[in-house]
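The values are calculated or read from the model by the stated rules, or taken from the named source; none is laboratory data. Small disclaimer: the values here were computed from a predicted structure and weren't measured. Here the Cβ is made from the backbone with ideal geometry for all residues, glycine too, and neighbour counts use every protein chain on show.
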Amino acid sequence: MRLSRRQQLVRLGRGALSKLIQMLLRLEAEVRQLRRQVKELKARLALNSRNSSKPPSSDGLAKPAPKSLRQKTGRRPGGQPGRVGRTLQLVVSPDRVQAHRLDRCLCGHCQGRSLAHEPVVGYEKRQVFELPPVRLEVTEHQAEIKCCPVSGRTVTASFPEGVNAPAQYGPRLKAQMVYFNVEHFIPFERLTRICQDLYGQPLSEATLVAANQRAYEHLAPFEQRVLQLLPQAPLLGCDESGLRVAKSLHWLHVVSHPTLTFYGVHPKRGAEAMNDFDILPRCQNWLIHDHWKPYFIYQGCLHALCNEHHLRELKFLVEEHQENWAGEMSCLLLDCLEHRKNHGLLGQRQFKRLQSRYRAILKKARRRHPRCPGRQAQSKAANLLDRLEDFELNVLAFTIFEEVPFTNNGAERDIRMEKNKQKISGCFRTLHGARVFARIRGYLSTCRKRGRNLLEELQRAIAGHPYLPASLLAGP
């Protein structure tokens, strides 16, 4: 049956309308996807050191205005009551005394009368602290040679320990160079110029490398002692950071305690590296970290989460996505921290009330960010909600356990300066060189935590007698 002209136009119109609707639906879906991508990209650009785990160095020249997470304490700026100051004080027995004579009167009423024969009634003292002229001191060791009256053979006296070559540098100078290199990240080439400028004696880079290697070898017993003591600690902080070694990505791991520090360099980031170091597998107490999943494979220890990370993520959600619940949760965590500082740990009833407030905030947030089934991709807010819900006791452990801190700042401080080494030197040329640096750095960090003189302890280590901590307690 042949369609009329009118019917043909109606059919064509319906087909065109259907195609138009399908095109509009496709465009709408594409616009939604583009909006989502733009939102994600804007959120990524908004990440900085204040609202995420990115380091301050990633902020670039256009650094964000400082907005501290700390609350106002009401204290005035400057030193607080009871603080011990470090003002330069006069010493009782100066190394040198220089007297300044008063030959003419300066009172202005006697026209400069002579005081040369007047007795001294007192002194006004001022002391200047200054470095003495620095130069290398050369000690010549002479071993006597004598002839045995019985055998007729010549015999030579023994040289002191460590005096092995006709001409060599002493352990104090080597310790200073190792200290500059490992503690302050001064490269070998610059160290040779520093030694020339300070002491008039240029060292070769090979001498500096050999000093580091000698310290590394002699510190093997120290590292073994640290590996024995750390698993016994009531709390350990853990962190890891990328490290360029031999043109490839490696990982610097830190296990931190208030009196001990261990650094380990490994090609892997996860459980393989941590098992090789063999500290966490033997840990039976608290472990605080940033919720990186491989830490949770160690079921023999108790896990606490760093709330500084949570505060930064919550801050991002408040500033960039106007999530009111995130501001409430941040205030709740900070209130708990303030209560602990001023009143101590929570009792059982107080903790129950805290749980009720905590869960009420999460319930409010869940209305906006429901949990996605399976392994579907979620927003940052939903991922953070999952963590806060599933690890509630790990988040709030600091409110009821004395040994658990609010943050993992100890481990983060221990690993932060190592990133400066990488900025200065770019990378480590060999894995062995990275491990030399890590072992010496762990020794220096431990000595500093225990209040020991770093140069003296390095000198002892280079001489083959490193400091070995006897226990977790600071001291001998």
Only one of L208, L191 is more than 25 Å from the chain's Cα centre (by Cα), at pLDDT 90 or above and buried (at least 17 other Cβ atoms within 10 Å of the Cβ); which? L208
Given the structure, is K419 within 30 Å of G344 (Cα to Cα) and in contact with a Pro (Cβ under 8 Å, 6 or more places away or on another chain)? no
Any residue at all in the stretch 387-404 that's under 26 Å from the mean Cα position of the chain (by Cα), among the acidic types (D, E) and surrounded by 15 or more Cβ atoms within 10 Å (Cβ to Cβ)? no
Any chance G374 is of a type in the set (G, A, S), outside any helix (DSSP H, G or I), out of contact with any helix residue (DSSP H, G or I) (no Cβ under 8 Å at 6 or more places or on another chain) and more than 14 Å from D290 (Cα to Cα): yes
Determine, yes or no, whether G82 is exposed (fewer than 10 other Cβ atoms within 10 Å of the Cβ) and at pLDDT below 75. yes
Would you confirm, using the coordinates I've provided, whether H291 is outside any loop (DSSP other than H, G, I, E, B) and either among the charged types (D, E, K, R) or touching a residue at least 12 places away in the same chain (Cβ under 8 Å) (or both)? no
Filter the stretch 333-348 for residues that are in a helix (DSSP H, G or I) and buried (at least 16 other Cβ atoms within 10 Å of the Cβ) and give the result. L333, L334, C336, L337, R340
Given the criteria in a strand (DSSP E or B), among the basic types (K, R) and at pLDDT 70 or above, does K125 qualify? no
Within the stretch 194-223, can you find the residues that are in a loop (DSSP other than H, G, I, E, B), farther than 13 Å from K174 by Cβ and either aromatic (F, W, Y) or touching a helix residue (DSSP H, G or I) at 6+ places or on another chain (Cβ under 8 Å) (or both)? P202, L219
Looking at the stretch 392-407, I want the residues that are assigned to a helix (DSSP H, G or I) and have a partner that is aromatic (F, W, Y) and modelled with pLDDT of 95 or more with Cβ atoms under 8 Å, at least 6 apart or on another chain. Which pairs are those? E392/Y358; L396/F351; L396/Y358; A397/W286; F398/F406; T399/F351
Residue within the stretch 231-246 that is surrounded by 21 or more Cβ atoms within 10 Å (Cβ to Cβ) and not in a strand (DSSP E or B) present: yes
In the stretch 145-175, what count of residues is obtained for those that are part of a loop (DSSP other than H, G, I, E, B) and surrounded by 10 or more Cβ atoms within 10 Å (Cβ to Cβ)? 7
Would you confirm whether or not the stretch 385-397 contains a residue that is within 22 Å of P258 (Cβ to Cβ) and in contact with a Ser or Thr (Cβ under 7 Å, 6 or more places away or on another chain)? no
Against the definition (more than 24 Å from R435 (Cα to Cα) and within 22 Å of the chain's Cα centre (by Cα)), how does H303 come out, yes or no? yes
